[in-house]
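Here, each number is a calculation from the coordinates, and none is a lab measurement. Note that the structure is predicted; figures quoted are calculated from it, not measured. All Cβ positions, even for glycine, are placed from backbone atoms using ideal geometry, and neighbour counts span all protein chains on display.
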Amino acid sequence: MQTYRLERFSTIDDLVLHTEDIPQPRANEVLVRVRASSLNFRDLMIVNGHYPMSSEPGHIPLSDSAGEIVEIGNAVTRFKIGDRVANTFFPRWFGGRFEMAYAHEQYGSDRDGWLTEYKAVDQETLVSIPAHLSFEQAATLPCAAVTAWSALSGPTPVTAGDTVLTQGTGGVSLFALQLAKLCGARVIAITSSDDKVAKLKALGADDAINYTAIPNWDQAIRELTEGRGVDRIVEVGGTGTLAKSIRATALGGEISIIGLLSSASEQIDFMQLFMGGATLRRIAVGSRDDFDLMNRAIAQHRLQPIVDCVYPFAQAKDAWRHFERRGHIGKVVIAH
Ligand SMILES: NC(=O)c1ccc[n+]([C@@H]2O[C@H](COP(=O)([O-])OP(=O)(O)OC[C@H]3O[C@@H](n4cnc5c(N)ncnc54)[C@H](OP(=O)(O)O)[C@@H]3O)[C@@H](O)[C@H]2O)c1
């Protein structure tokens, strides 16, 4: 079988294709014929050596995949040959509270990932995928979609009539837009260009603001919400956006802390945070239970993930280069 391994942490050219033996599943394992994988922002950080979790040179990259079970170990009960599956981001987080031990086991960094043709894994690390999705669509779900689902659900779920703010046009943000609409919320999106404003509206955003043209987008959001602010922010910008997000949140609203895309920095005003009454909740993708619940909603509403483009396995490096150029809208997928 063909497998990519990341030999160093410097550039995309450090990805090297190897020919290896197909692994044999042990008693509790299944053998997955991987049909598609997808890129997340972390995969760029890992290649460039900027990801905070440890990775060994020579590991197989990518946290997200979908495929078909082609062989099962003799103790496997959850799946049968022919089942269509996707992997969870954290192989051992099945439900309940997040523990730091889970953070140190991630596919594509601490553990070998999914940029390979076959992979033998414990049956517990997989979920069934919705029947209406292709493998390419399903491979977009494990990180970005589950993260967006966790940001909108959690202890205080978004409900019909709420207003949700999404930031940008990447994987997490577009799933947040789609899932928030599915929950009956109004969505306001911010993005970097007028062209992307038009695309976000075409994808269902009720309002979209060009943050390059309107740097004080927090004020624009107050105006769009008659001074009230939004109920939920899917916060992927980090230090460059959090202060504005706090000013754009309604009393009692929630900011789901997810990303660190922006290198800019603005001081957080403690009194603003205190008086605004926003809850800050840190998201770590989600558990297997979260993935299953999200798939139920995706199946019921026949949600179609936004796939920007699909690269063949042989051109995986070009998928990274495309992703690095930041021209994508939604998910960049590799077909195996
Ligand atoms: N905590 C978690 O569990 C978790 C899970 C998944 C992802 N994340 C984090 O969430 C963030 C988004 O991840 P993703 O995979 O959705 O990213 P992505 O697909 O690469 O999306 C990035 C988008 O964000 C916008 N952006 C704004 N400033 C940017 C900058 N300085 N560099 C790059 N993009 C910028 C751009 O959209 P516009 O041009 O439209 O603004 C860009 O297309 C990342 O920081 C990632 O590490 C965290």
Legend entry - Two-site label geometry, residue 97 and residue 20: point separation in nm, points 7 Å out along Cα→Cβ: 3.6
Inset, instruction - For the stretch 39-114 and the stretch 188-227, compute the distance between their C-alpha centroids and round to whole Å. - result: 34
Inset, instruction - Can you tell me how much longer the chain between residue 202 and residue 289 gets when fully stretched, taken as 0.36 nm per residue apart minus their C-alpha distance, in nm with one decimal? - result: 28.2 nm
Inset, instruction - Please give the length that would be gained between residue 192 and residue 117 if that part of the chain were fully extended, namely 0.36 nm times their separation in residues minus their C-alpha to C-alpha distance (nm, one decimal). - result: 23.4 nm
Inset, instruction - With everything on Cα atoms, drop me the angle between helix 171-182 and the longest principal axis of the chain, reported from 0 to 90° to the nearest 10. - result: 70
Inset, instruction - Could you give log10 I(q)/I(0) at q = 0.07, 0.09, 0.11 Å⁻¹ for the chain, computed by the Debye formula over C-alpha point scatterers of equal weight, without solvent? - result: -0.28, -0.46, -0.69
Legend entry - Global form of the stretch 195-336, assessed from the alpha-carbon gyration tensor, a/c cut-off 1.5: prolate
Legend entry - Residue-averaged [θ]222 nm for the chain, counting only DSSP H segments that reach four residues, each worth -39500 (n - 2.57): -7000 deg cm²/dmol
Inset, instruction - State the extension gain, in nm to one decimal, for the chain segment bounded by residue 104 and residue 128, taking 0.36 nm per residue of separation less the distance between their alpha-carbons. - result: 6.2 nm
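Using only alpha carbon pairs under 8 Å that are at least six residues apart, calculate the relative contact order of the chain and give it in whole percent.
Numbers: 788 pairs, mean separation 60.5, N = 336.
Reported as a whole number, the value is 18 percent.
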Inset, instruction - First check a/c for the stretch 1-46, with a ≥ b ≥ c the square roots of the eigenvalues of its C-alpha gyration tensor; if it is under 1.5, answer rounded, and if not, answer prolate when a/b is larger than b/c or oblate otherwise. - result: prolate
Inset, instruction - Provide Rg and Dmax in Å for the stretch 24-117, with only Cα atoms included in the calculation. - result: 14.1, 41
Inset, instruction - Using a 10 Å cut-off on Cβ atoms, rank the peptides 21-29, 283-291, 267-275 from the highest mean neighbour count down. - result: 283-291, 21-29, 267-275
Inset, instruction - Sort 47, 146 so the one with the fewest other Cβ atoms within 10 Å of its own Cβ comes first. - result: 47, 146
